[in-house]
Amino acid sequence: MDEVLAFYGRHEVALLIAMLGLVTLATRAAGYLVLARFQRIPAPVQAGLEAVPAAVITTLVLPPALTAGPAEMIAMIAAGLACLRLPPVAVIALGIGLLVMLRQLGL
């Protein structure tokens, strides 16, 4: 048992990455297999699938923006406005760049 714990201690990060990769692969494959059974995806399912990216981004971005400080809130508002005109990669670069600059200024 000590050998197993020692091995885990030495390779903890690599094992974690491998396990997370396998879980991600399994969930993506399962989603594909379920949706492949349909000839046409029903409208409510399609609407739900289209809402997933916005829900994930909101879940990841909003809590830190509301609790971390003014720099995060300003960067989030600027990125939100920029996404109306700029491509996604430019919005991400603008948001991160603005956040780094504001943090360097002490906000």
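Read the figures in this text as sums done on the coordinates, not as results from a lab. Every value quoted in this text rests on a predicted model; they were computed, and no experiment measured them. Here the Cβ positions follow ideal geometry from the backbone for every residue, glycine too, while neighbour counts run over all protein chains shown.
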15 Å tail of the calculated P(r), the chain, as % of Cα pairs: 77
Determine, for each peptide in 15-23, 2-10, the mean count of other beta carbons within 10 angstrom over its residues, then list the peptides with the highest first. 15-23, 2-10
With +1 on each Lys and Arg Cβ and -1 on each Asp and Glu Cβ, how big is the dipole of the chain about its Cα centre, in debye rounded to the nearest 20? 460
D for region 51-107, whole µm²/s, Stokes-Einstein with Kirkwood Rh over alpha-carbon pairs at 10 °C and 1.306 mPa s: what number? 137
